[in-house]
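Everything on this sheet refers to the single structure shown next.
Each reported figure results from applying straightforward, stated rules to the coordinates on display, with no laboratory input. Keep in mind it's a predicted model, so treat the numbers as computed, not measured. Cβ placement follows ideal geometry from the backbone for every residue including glycine, while neighbour counts extend to all protein chains displayed.
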Amino acid sequence: MTIKPKSLQFDTLTLHAGSRPDPATGARATPIYQTSSFVFPDTDHAAALFNMERAGHVYSRLSNPTCAVLEERIAALEGGIGAIATASGQAALHLAIATLLSAGSHIVASRSLYGGSHNLLDYTLPRFGIETTFVDPRDLDAWRDAIRPETRLLFGETLGNPGLDVLDVPRVAALAHEYGRPLLVDSTFTTPWLMRPFEHGADLVFHSATKFLSGHGVVIGGLLVDSGQFDWNAANVRERFPTLTAPYAGFHDMVFAEESTTGAFLLRARREGVRDFGACMAPMTAFHILQGIETLPVRMARHVENTRAIVAFLREHPFVAEIGYPELAEHPDRALAERLLPRGCGAVFSFNLRGTREQGRRFIETLRLFSHLANVGDAKSLVIHPASTTHFRMSAEDLLRAGITEGTIRLSIGLEDPSDLIEDLGRALYAASKAA
Amino acid sequence: MQLEVAGRNVYAYTGSRAFTAGAPTVVFVHGAANDHGVFALQSRYFAWHGANAVAVDLPGHGRSAGDPLASVEALADWLREVVDALGVRDVSLVGHSLGALGALECAGRYPERVRRLALLGPSVPMPVSEDLLEAAGRNEHVAYELINGWSFAPGSQLGGNQVPGMWMLGNAMRLMERCHAGVLAIDLAACNRYANGLDAAARVQCPTLVVIGARDLMAPPRNAQALIAALRDVRTVMLPETGHSMMAERPDAVLDALRKFLQ
C-alpha cells in the first residue's frame, strides 16, 4: 500500500482533541464557559434541542462547552466514542451502574477496589436492590462462577487498589462477552498513557480525573467513557438491558439503541442519569483537568521513572518487608504487567513496614516532603495508611482479602527530584526503626 | 419500523413515531459501511415536523438482513421496493455518498416515485482509490482508517462535535467496525463501478438539492460539477470547512439545507 492513513498521535491529542481556537474570540486556551444556560435562537430551535433533533447546549447540568472539550479529549485518548464528565469518579461509577442496572440486578466485581467503590457496591447499592459479588481478580473461575442470570456488569480496576493486582482485562473481557455482559474498568491509576483498556476488550472505562489526569490535586472530577463496542441489541443480550433497548417513557419512547447503534449507552446516561441524578462537572473543573491532560505524557513518564527509583531504594531497605509493585520479580502479576503495561505500572504502590502500628505512625509523621492525605496522583508525593483511612470501614477479613495489613503504607510518587524523596523516606524509615 | 423488502427484513428508524398515512415521506439512505444512525438528528427532526421519516438500514447493514447490494443500480431498484413496501405513491429521497448514488439512480429510473431528491456528498463518477479497495477487499482495518482520514475536514479531525461529548472520529470508526466482513468492499466496489450517474441525472424530473463539503476528500467538490450541470432543477449548498462526514461535522447546516428544500 502506498497511502498511509492520516490520524493524530496520542501526545498530539492530549493537547488538541476536542478543542479549536474559540470561534468568538480567537482564544487559544479552551474558554471556561461559566454559564448555567444557553440562549435559544428561536422557539423552534429550542424545541429541537430538547427533542434531540438538533445538537447543542441547553443547561450546564446536561452539557457545557468546556466540559464537552474534556469529554471529547478523554474519548479520543481512550479510543472511545464519547464520554460524560461527572462531579467525581464516584459519580462516574454510579452513572455507569444506574444507566445499566435496576433493582434486582447484580454486579460481579473484583474485591481489590478503592474503598469508596467498595462502599458503594457493598453497603449502599443493596439498599436500592443491586447486589454485588466480590471475587479474587486473578481467579477467572471465580468471575465465571459468580455470574448469575441477573448479572448485568463485570467491574474491576486496571491496577487494584491498594495492592496493585493487575486486572487481566483481555481474559475478563472475553469472559464477560462470552456471557453477553459488558466489562467496566476503573482506569484511574493507569490513565490512557499507561493502558487503553478498550484495546484489550473493556467496554466502559471510568476515571477519577482528580488523580493523574488533572495531576495537580486541585479539583474533584470524574469521566465515564464508552468504547461503543458492546452490542446492546445482540440476540440474547437486549433483554438484559431494557434501559437501552426498550422504549423510554422519560424521553418520548426513545429507544436509545435504535437512536444510535454505537452511542446508546452515553445517550441514556446523559438523557437520564445526568439529567435526573445531576452529578455534573463544573466548567472550571473541566478547565483544570484539560490543563492537566495537556502534560499527561511528560508527567506520567516522570511519575513512573521516579517510582522505579523509589521502589529500588525501598527494596534494599532492611525495615521494609514487602513491596507491591508489579514490575518486581516477586509480584504475582509481573508477566501480565509486562504485557498490558509496557510503559510502567504507575506511581501508586504499597509496602509493608517491619514494625508495629506505632512505628508506622512514626514513619508517616516524620516525612517532610510526602504529604499525609487521602489522595493519589498529585504532582506532589503523598502518603497514607489505608487501614486507618481509605479502607477503615472494611473488616479485618476484607482488609486481608484486599491485601492490606496494619503495617501497609501507600505512597503516591510525585514529580520531585527522586533523590530528595529517597532522602525523606530514608530519614522516616530510620526514625520509625528507632521508635520501637 | 420493520419492512419486508424482496422477502427480507429491513429496519428503518422513524424517530420513535408511528407511520402516518397521508403525510409526506422522507427516506434517508446511508453510505458505505454505515447505518441509519448517521441521520439520527436530521431524520428525527422531520419525524417530529409533520413527515414520515424513514431512515433505512441497507441490506446487510445495521439491523437489516440479507447481503449488501452489489451495485448502485440494485440499490436503486431496492429503494423503489422500499417505497412500495411503505405503501406510498412517492417519497423524497435523501442520500449520502453511496446512498446519494442509489437515490440518484432511483430518481432517474422511477421519476414518478421520487418527489424531491437531496444528494449529500455525491460524486459522479465516484472512483475509489486502489489502495482502499484492496484494503477493504482484504478486510483490513486500515481501510477504515483511510476512510476516517479522508472523511473529516482538517478542523473536524480535532473534534469540536456539535453533539456534546461525542468524539466524531471514534464513533465513525466504531460504526464501520461493526459491519460484517466484506460489507465495506462490496459497498466501495459498487461506488467505484457506477458509470450511469450523468444519464440518471438527465432523467431526474424532480427538484434536486446537492450538498457539498468544501473540504471533502472522499467526494471532492469538483466531482459534483458535471452532475450539477446534468440536473435540470437543481440548487447547491456548499458547506465551508466541511468534509464527507457532513451530517456529523455540520448537523445543523445539513438539517437547515434539507428543511429549506423539503418543507
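This model, with +1 at the C-beta of Lys and Arg and -1 at the C-beta of Asp and Glu, gives chain B a dipole about its Cα centre of some 800 debye. Close amide H partners of A:GLY222, meaning residues 5 or more places away or on another chain with modelled amide H under 5 Å apart, are A:THR86, A:ALA87, A:SER88, A:GLY89, A:ALA209. Counting, for every residue in B:146-154, the Cβ atoms of other protein chains within 10 Å of its Cβ and taking the mean gives 2. In this simple spin-label model, placing a label point 7 Å from the Cα along the Cα-to-Cβ direction at both A:GLU338 and B:ALA21 gives a separation of 7.2 nm. Legend: ranking of residues B:ARG8, B:ARG113 from fewest to most surrounding C-beta atoms inside 10 Å; resulting order B:ARG8, B:ARG113. Can you classify the protein assembly as shown as rounded, prolate or oblate using the Cα gyration tensor, where a ≥ b ≥ c are the square roots of its eigenvalues, rounded means a/c under 1.5, and otherwise it's prolate if a/b beats b/c and oblate if not? In terms of gyration-tensor shape, prolate.
For region A:355-370, the Karplus equation 6.51 cos²θ - 1.76 cosθ + 1.60, evaluated at θ = phi - 60°, returns couplings of x, 8, 4, 5, 5, x, 4, 4, 4, 5, 6, 8, 4, 10, 7, 6 Hz by residue, with Gly and Pro reported as x. With an a/c value of 1.5 or above and a/b not larger than b/c for the gyration tensor axes a ≥ b ≥ c computed over the alpha-carbon atoms, region B:1-43 is described as oblate.
Label zone of A:ALA103 (point 7 Å out along Cα→Cβ, amide N under 11 Å): in region A:123-166 this covers A:127-130. For region A:296-434, the residue among A:ALA301, A:ALA428, A:PRO386 whose Cα projects farthest onto the positive side of the dipole built from Cβ charges is A:PRO386. Place a point 7 Å from Cα of B:MET238 in the direction of its Cβ. Which residues in region A:10-34 have their backbone N less than 16 Å from it? Counting backbone N atoms under 16 Å from the label point, the list is empty. Amide H contacts for B:GLY66 (H built 1.01 Å from N in the peptide plane; partners 5 or more residues away or on another chain; cut-off under 5 Å): B:GLY60. Only DSSP H runs of four or more residues enter the estimate; each adds -39500 (n - 2.57), and after division by the residues of chain B the mean residue ellipticity at 222 nm equals -11500 deg cm²/dmol.
Rounded to the nearest 0.05, what FRET efficiency do A:THR12 and A:ARG393 have when you use their Cβ-Cβ distance and R0 = 56 Å? Computed FRET efficiency for A:THR12 and A:ARG393: 0.85. Along region A:252-260 the Karplus relation, 6.51 cos²θ - 1.76 cosθ + 1.60 evaluated at θ = phi - 60°, assigns HN-Hα couplings of 6, 6, 5, 9, 5, 6, 7, 4, 8 Hz to successive residues, with x for each Gly and Pro. Helix A:418-434 and the longest principal axis of the C-alpha atoms of chain A enclose an angle of approximately 50°.
Put simply, the amide H of A:GLY82, placed in the peptide plane, has neighbours under 5 Å in A:ASP226, B:TRP167, leaving out anything fewer than 5 places away on its chain. Projecting label points 7 angstrom from Cα along Cα→Cβ for B:ALA74 and A:PHE40 puts them 4.7 nm apart.
Only Cα pairs under 8 Å and 6+ residues apart enter the sum, and on that basis the relative contact order of region A:310-389 stands at 22 percent.
I'd like the FRET efficiency for B:ALA195 and A:ARG427, computed as 1/(1 + (r/R0)^6) with the beta carbon distance as r and R0 of 60 Å, rounded to 0.05. The formula returns an efficiency of 0.15 here. Rounded if a/c is under 1.5, else prolate if a/b is larger than b/c, else oblate: which is chain B, with a ≥ b ≥ c the root eigenvalues of its Cα gyration tensor? Because its axes are fairly even, with a/c under 1.5, chain B counts as rounded.
If you count, for every residue in A:133-143, the Cβ atoms of partner chains within 10 Å of its Cβ, what is the mean?
0
Taken along the Cα-to-beta-carbon direction at a fixed 7 Å, the label points for A:TYR179 and B:ASP256 span 5.1 nm. Each residue in B:MET247, B:MET176, B:MET238 was given a count of other beta-carbon atoms within 10 angstrom of its own, and listing them fewest first yields B:MET238, B:MET176, B:MET247. Sorting A:SER433, A:SER388 from the fewest to the most surrounding beta carbons within 10 angstrom yields A:SER388, A:SER433.
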